[in-house]
Amino acid sequence: MKTTKVNYRNTKVNDLNIFYREAGPKDAPLVLLLHGYPTSSHMFRNLIPILSEQYHVIAPDLPGFGYSDKPDHQGFAYTFDNLTEHIQGFIDQLGLKRFAIYVFDYGAPVGYRIAVANPEKITGIITQNGNAYLEGLSENWSPIQKYWAEPTEENRNALKMMVEEGTTKWQYFAGVTDETLIAPESYTLDQHFLDQPGNVEIQLDLFKDYASNVALYPVFQRYFRDKQPALLAAWGDKDPFFLPPGAEAFKRDIPGATVKFFDTGHFALETHVDEIGAEILHFLERLPK
């Protein structure tokens, strides 16, 4: 059995250290993987070996997550525009010219902003529970939406339960039929980073700013309609946050989009990496080289 070699690298973007994983032949078509909350590029540890046989794969940690720098929230704006600015800087720093992009959860509004700003760079989009439609938002967003509407200290403090260990584990297990497939290092590592000094305030700032993503849904949808990017939606259909109608909605703007559902929850790669990996490889084969 061939062993996949993954390089663990760091680069400076706007004086911030950005950690990233890199694998596969550098002259092969590129796939950029963008993680979500509350995880990091670690979520792609099982997907990277599947893709890197044929593709060059790069997976950064967003600022405030994983092994990238986490500046204090009082001196650094934890907004999705600012996360995007740093990922754009990362793309520019590495000289990435053309790539397919895999987006998940928080990585989706970052990735869609990147696509809108750089349509010439995008060969295709894989969205795994990466929402862009109002109908994709479940009722579990209600406490966060309350904070958007009334950004009081009380409503902010009410969201601190979202960064607690029990909630992190629940996000991994909700909707999963066989819980023995969830590797304990997944939620344990996530919680380790959430528990670092200052990280709670970072996450609360991002909860608040998530409203900016919903406000941009029409912009993302217009990009889909105008540019008609090749798109694969690979969706855990028991996701407690992003509902199946959000996946189906892509076909409204991109009639040729492929939508595949998997019997699992939010972190679909934990339970269905082989199936999703196969769908991604089939999708990537059809993209322009």
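Does Pro143 fit the bill of being part of a helix (DSSP H, G or I), open to solvent by 60 Å² or more (accessible area, probe 1.4 Å) and either at pLDDT 95 or above or among the charged types (D, E, K, R) (or both)? Taking the combined requirement at face value, the residue satisfies it.
The residue pairs whose first member lies in segment 197-222 and is within 15 Å of Asn155 (Cβ to Cβ) and part of a helix (DSSP H, G or I), whose second member is polar (S, T, N, Q) and open to solvent by 30 Å² or more (accessible area, probe 1.4 Å), and whose beta carbons are closer than 6 Å, counting only pairs six or more residues apart or on different chains, are Asp209/Thr79. For segment 60-83, check the following and say yes or no: at least one residue is assigned to a strand (DSSP E or B) and in contact with a Phe, Trp or Tyr (Cβ under 8 Å, 6 or more places away or on another chain). The answer is yes, given that some residue of segment 60-83 is assigned to a strand (DSSP E or B) and in contact with a Phe, Trp or Tyr (Cβ under 8 Å, 6 or more places away or on another chain). Residues of segment 122-140 that are open to solvent by 20 Å² or more (accessible area, probe 1.4 Å) and either of a type in the set (Lys, Arg) or touching a residue at least 24 places away in the same chain (Cβ under 8 Å) (or both): Thr123, Leu134, Glu135, Leu137, Asn140.
Against the condition closer than 22 Å to Thr11 by Cα and hydroxyl-bearing (Ser, Thr, Tyr), how does Ser138 come out, does it pass? For Ser138, the condition - closer than 22 Å to Thr11 by Cα and hydroxyl-bearing (Ser, Thr, Tyr) - is not met.
In a residue-by-residue description of segment 50-59, the property of being modelled with pLDDT of 95 or more, surrounded by fewer than 19 Cβ atoms within 10 Å (Cβ to Cβ), of a type outside the set (Lys, Arg) and closer than 19 Å to Leu216 by Cβ applies to no position.
When the residues of segment 242-278 are filtered to those that are acidic (Asp, Glu) and assigned to a helix (DSSP H, G or I), the one that is farthest from Ala230 (Cα to Cα) is Glu270. Please determine, by comparing only the residues of segment 24-49 that are without any contact (Cβ under 8 Å) to a residue 60 or more places away in the chain, buried (at least 22 other Cβ atoms within 10 Å of the Cβ) and not hydroxyl-bearing (Ser, Thr, Tyr), which one is farthest from Glu279 (Cα to Cα). Here the residue is Gly24. Looking for something part of a strand (DSSP E or B), on the phi < 0 side of the Ramachandran plot, under 20 Å from the mean Cα position of the chain (by Cα) and of a type in the set (Val, Ile, Thr) - is there at least one such residue anywhere in segment 32-52? No, segment 32-52 contains no residue that is part of a strand (DSSP E or B), on the phi < 0 side of the Ramachandran plot, under 20 Å from the mean Cα position of the chain (by Cα) and of a type in the set (Val, Ile, Thr).
On the stretch given as segment 92-112, residues that are assigned to a helix (DSSP H, G or I) and open to solvent by 10 Å² or more (accessible area, probe 1.4 Å) total 3.
If the condition is being over 8 Å from His73 (Cβ atoms), open to solvent by 10 Å² or more (accessible area, probe 1.4 Å) and over 18 Å from the mean Cα position of the chain (by Cα), then segment 195-209 contributes Asp195, Gln196, Pro197, Val200.
If I filter segment 69-78 for residues that are open to solvent by 10 Å² or more (accessible area, probe 1.4 Å), more than 18 Å from Asn129 (Cβ to Cβ), polar (S, T, N, Q) and modelled with pLDDT under 95, do I get at least one hit? Checked against the condition, which is being open to solvent by 10 Å² or more (accessible area, probe 1.4 Å), more than 18 Å from Asn129 (Cβ to Cβ), polar (S, T, N, Q) and modelled with pLDDT under 95, segment 69-78 yields no hits at all.
The values are calculated or read from the model by the stated rules, or taken from the named source; none is laboratory data. Predicted model, so just to flag it, every value in this text is computed and none were measured. All Cβ positions, even for glycine, are placed from backbone atoms using ideal geometry, and neighbour counts span all protein chains on display. Just so you know, the surface numbers come from the protein's heavy atoms only, side chains and all, with ligands and any DNA or RNA stripped out. Shrake-Rupley method; radii C 1.70, N 1.55, O 1.52, S 1.80 Å.
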